[in-house]
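Q: Please read through the structure below; I'll follow up with questions.
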Amino acid sequence: MESPDHIIINGYRHNSFEIELFSEHDIIHKSKTFHNWLDKRRSVRDFSDKAIPKEVIENLIKSASTAPSGAHKQPWTFCAVSNPILKSKIRKEAEIEEKESYDNRMSERWKKDLEPLATDMHKPFLDVAPWLIIAFKKVYEFGDDGTKHNNYYVNESIGIACGMLISAIHDAGLVTLTHTPSPMNFLAKTLNRPSNERAFLLLPIGYPKFPTYVPDLKRKALDEVAIFYE
Ligand code: IYR
């Protein structure tokens, strides 16, 4: 007997959804292959200025926007900046905040923890990378009458979307960095965002500079990050 292509629940249409069912052998292989590939991702701070077509950035943002979100509100706006004047302005503003952070806001312990990464207040990648994506979270939406409606699980939702964006960037053969100049409220002003949006994460995107150097970091082993209750 054939299943209907949709049913009505609570008065709303629910479409039939099909996902290909793989054998146990295949799911072991697929999950292993995915991990091997994802494990090759590294945060990169040195970018090539080689151009990236806008279409690539559009596809990356479309991938990020497939993320699950609280009540499917998709509470995010991704601002993609390639304009060199705007990138320079963002760099200048970010470096003002970073200087203050490194000089006065961050604890000695924090700076010590960052030593292996060799970061400092200088952020040349904000000029050099061909694109910057700034993810804004939408804390609330405006109703038709101008009333404000809070969104749900906003941090979780945009965090997941950014994780998917990072995976999509890696899959495209490009590199990125999760940059969080702090405080980052200057970004809403510079990019002219409405009052319901707050900057969440800034991701420069491009090819890496060649040769590329990244810190010699190890990832935690499975038994350090997982506990099984069987
Ligand atoms: N936002 C600063 C400092 C910084 C903080 C953490 I936690 C990092 O993992 C890396 C950097 C900067 O971008 O330099």
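Q: Scan 77, 66 and give me the residue that is more than 13 Å from the ligand (Cβ to nearest atom) and touching a strand residue (DSSP E or B) at 6+ places or on another chain (Cβ under 7 Å).
A: Selected residue: 77, the only one of 77, 66 that is more than 13 Å from the ligand (Cβ to nearest atom) and touching a strand residue (DSSP E or B) at 6+ places or on another chain (Cβ under 7 Å).
Q: Same structure again: Being among the small types (Gly, Ala, Ser) and either part of a loop (DSSP other than H, G, I, E, B) or more than 16 Å from the ligand (Cβ to nearest atom) (or both) is the filter; apply it to the stretch 120-160 and report the residue that is farthest from residue 65 (Cα to Cα).
A: Checked the stretch 120-160; the qualifying residue farthest from residue 65 (Cα to Cα) is 146.
Q: Just give me the residues in the stretch 91-148 being in contact (Cβ under 8 Å) with a residue 12 or more places away in the chain and among the aromatic types (Phe, Trp, Tyr), in sequence order.
A: 102, 125, 131, 136, 140, 142
Each row is one residue, and each column tells you yes or no for (1) surrounded by fewer than 13 Cβ atoms within 10 Å (Cβ to Cβ); (2) touching a His at 6+ places or on another chain (Cβ under 8 Å); (3) over 17 Å from residue 178 (Cα atoms).
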position	(1), (2), (3)
30	yes, no, yes
33	yes, no, yes
52	no, no, yes
72	yes, no, yes
76	no, no, no
80	no, no, no
87	no, no, no
95	no, yes, no
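Q: Being more than 16 Å from the ligand (Cβ to nearest atom), over 21 Å from residue 128 (Cα atoms) and of a type outside the set (Lys, Arg) is the filter here, so list the residues in the stretch 172-226 that pass it.
A: Matches in the stretch 172-226: 188, 192, 194, 195, 196, 197, 221, 222, 223, 224, 225, 226.
Q: Here is a further query. May I ask you to list the residues in the stretch 182-202 that are under 20 Å from residue 84 (Cα atoms) and surrounded by fewer than 14 Cβ atoms within 10 Å (Cβ to Cβ)?
A: 189, 192
Q: Every residue in the stretch 145-181 that is hydroxyl-bearing (Ser, Thr, Tyr) and surrounded by 22 or more Cβ atoms within 10 Å (Cβ to Cβ), please.
A: 157, 176 - these are the residues of the stretch 145-181 that are hydroxyl-bearing (Ser, Thr, Tyr) and surrounded by 22 or more Cβ atoms within 10 Å (Cβ to Cβ).
Q: Just checking, how many residues over the stretch 121-144 are modelled with pLDDT of 95 or more and surrounded by fewer than 16 Cβ atoms within 10 Å (Cβ to Cβ)?
A: Final tally of qualifying residues: 5.
Q: If you don't mind, another one. How many of the residues making up the stretch 106-115 are loosely packed, with under 12 Cβ neighbours inside 10 Å and within 10 Å of the ligand (Cβ to nearest atom)?
A: 2
Q: Please go through the stretch 162-213 and pick out each residue that is of a type outside the set (Ser, Thr, Tyr), in contact (Cβ under 8 Å) with a residue 60 or more places away in the chain and assigned to a loop (DSSP other than H, G, I, E, B).
A: The answer is 172, 174, 177, 181, 183, 184, 191, 193, 209, 210.
The values are calculated or read from the model by the stated rules, or taken from the named source; none is laboratory data. All of these numbers come straight from a predicted model, not from anything done at the bench. Note that each Cβ is placed from the backbone with ideal geometry, even for glycine, and that neighbours are counted across all protein chains shown.
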